2 protein chains.
Amino acid sequence: MAKIATTVYEQIRTAILNGELSNSERLVEEDLAVSMGISRTPVREALRRLAAEGLVDVSPNRGARVAEWDVHDLREIFDLRSILESHACELATPRASAAEIEFLENICTEMEELAETDLSSETRLPALAARNRIFHGKIIEMSNSTRLGLLIETLIHVPIVMQTYKVYSPEALQRSLHHHREIVNAMKAGDEVWASSVMRAHVLAAREEILGQPDPE
Amino acid sequence: MAKIATTVYEQIRTAILNGELSNSERLVEEDLAVSMGISRTPVREALRRLAAEGLVDVSPNRGARVAEWDVHDLREIFDLRSILESHACELATPRASAAEIEFLENICTEMEELAETDLSSETRLPALAARNRIFHGKIIEMSNSTRLGLLIETLIHVPIVMQTYKVYSPEALQRSLHHHREIVNAMKAGDEVWASSVMRAHVLAAREEILGQPDPE
DNA sequence: ACGTTAAATTTTGTATACAAATAGAGCAGC
DNA sequence: GCTGCTCTATTTGTATACAAAATTTAACGT
């Protein structure tokens, strides 16, 4: 059987990612423990792990809260994502096998077909978001850099980043899908400069779609 | 008084960073606890924290070991450092104040003076390494991106990266100091492309100095 | 001698107990 | 009504106890 601490960790994590916990909600160890019928020990471990990932903030003797992110945080996150995922494309392109290219192409097709159906349906947006994550994750995996993957992971687990498509306009969605298709074409052509440039543009476009105009600071 | 867990964390951490613990040495909770006269609980917390940072590896029911890094790991680390620190330069340049430029210039001067003295002395290399860390840290701080700082931090705490200068040839050291000076000059001129390019070259040069020629894979 | 299996020991994972710190309620004073 | 205080209740931090898993040791047969 899996460790209890890991189970707790995953439960709290998905709860945060799905936005089921309100912003900066207090996470009391005892409460979580009794609600799950376990002791505080594994709860503590899970919370510390989430803190290390940046999903919760803990202050000494004051406990843990769900982390929250302001506009400046999101700007930082998308800026870094644009750099790191672009780099992933650069590394992945010369390594890409025919099978991997085909895999990415299939996801593009699936997403395009999904986008043509009624988007107001409950199931469409999650389906798109899931495939989007697979698409980006696959390219990161293809980059063959464990640490690059880990760095990106620590960035994108912020709820708003996970739920990107929820705030997309139809035009933004179309542009996003075109970017995906163009990235695969660039990789197919073995052109890592092209591929990485489109990826960078793709993430920065998402940034603007979510944040609106750049803040002057 | 500070939390015991934090104290333990720092002790183990510096022990690893100073290379006082042999590679992949087992870290038994009970042993560490009794040797410090405390219970296992804070030791556990410290070990999990170090695991999240990548300084130790933990396997379920099998405990923690000091992490070790092979050539491929180091290559990944320096590649990512080159990208992220270069980005830090890009962000820092337009924000740099006169005082900050002067601060960096002073470090450059100090390091140049240290390099002219007898390098075989016990104290010279640590003094250089400390100033090197301050130099890079200052630029990261000037970039004003909390997350960028955190990402870089998780990369550079690997012992070999911390102790870079220990393996430098005199020529490599000179080149490194020239890079530092050039970076400051570029920032002073407000040229973020120049500054970030030199920084990228600076880190990639360090990579080659430490790893030798690129592995063909 | 060698390998295999089974007990014994060690070590981790979780629960519980207690101490230390913090937050909050209630009340005094202005 | 508001501010600042004390005391209580809550909550975190650490220690200890026990259960579960893994590693080591020992025994046994071939």
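The values are calculated or read from the model by the stated rules, or taken from the named source; none is laboratory data. If you're wondering where the values come from, they're calculated on a predicted model, not measured in any experiment. Here Cβ is always computed from backbone atoms with ideal geometry, including for glycine, and neighbour counts include all displayed protein chains. When the accessible area is computed, the model is the full protein with side chains, heavy atoms only, and any ligands, DNA or RNA have been set aside. Shrake-Rupley method; radii C 1.70, N 1.55, O 1.52, S 1.80 Å.
Within straight-line reach of A:Lys3, meaning a Cα separation under 13 Å, sit the following aspartates and glutamates at least 8 residues removed in sequence or on another chain: A:Glu45. The other copies place their B:Leu204 label points at 2.0 nm from this one, listed shortest first, where each point is 7 Å from Cα along Cα→Cβ. Computed over neighbours whose Cβ is under 11 Å from that of A:Thr6, the net charge equals +1, Lys and Arg +1, Asp and Glu -1.
The separation of the stretch B:124-173 from the stretch B:70-93, counted between C-alpha centres, amounts to 11 Å. Run the Debye formula on the Cα coordinates of the protein assembly as shown, all scatterers equal and no solvent, and tell me log10 I(q)/I(0) at q = 0.10, 0.14 1/Å. Calculated log10 I(q)/I(0) at the listed q: -0.84, -1.47.
Sequence gap at least 6, Cα distance under 8 Å: using those rules, report the relative contact order of chain B to the nearest whole percent. Reported as a whole number, the value is 26 percent. Each listed q (0.12, 0.15, 0.16, 0.27 Å⁻¹) maps to a log10 I(q)/I(0) for the stretch B:4-66 from the Debye sum over equal C-alpha point scatterers, namely -0.23, -0.37, -0.42, -1.31.
Could you sort the peptides B:105-117, A:85-97 by per-residue average Cβ neighbour count (10 Å cutoff), highest mean leading?
Ranking, from highest mean packing down: A:85-97, B:105-117.
Label sites at B:Ala130 and A:Gln174, each approximated as a point 7 angstrom past Cα along Cα to Cβ, lie 6.2 nm apart.
Residues of the stretch B:68-113 that bury at least 50 Å² of accessible area once all protein chains are present, compared with their chain alone (1.4 Å probe, heavy atoms only, ligands and nucleic acids left out), are B:Glu76, B:Leu80, B:Ile83, B:His87. Averaged over peptide B:42-51, the number of partner chain Cβ atoms lying within 10 Å of each residue's Cβ comes to 2. Pairwise alpha-carbon distances in the stretch B:71-211 exceed 20 Å for 42% of all pairs. Near B:Ser22, once Lys and Arg are set to +1 and Asp and Glu to -1 for all other residues with Cβ below 13 Å from its Cβ, the sum equals -1.
Between helix B:40-53 and chain B there is an angle of about 30 degrees, using the helix long axis and the longest principal axis of the Cα atoms.
Within the same chain, lysines fewer than 8 places from A:Lys138 are excluded, and of the rest, those with a Cα less than 17 Å from its Cα are A:Lys188.
Give the relative contact order (percent, whole number) for the stretch B:1-123; include only Cα pairs under 8 Å separated by 6+ residues.
Details: 70 pairs, mean separation 26.6, N = 123.
The normalised contact order for the stretch B:1-123 reaches 22 percent.
Relative contact order for the stretch A:4-66: 42 percent, from Cα pairs under 8 Å spaced at least 6 residues apart, divided by residue count.
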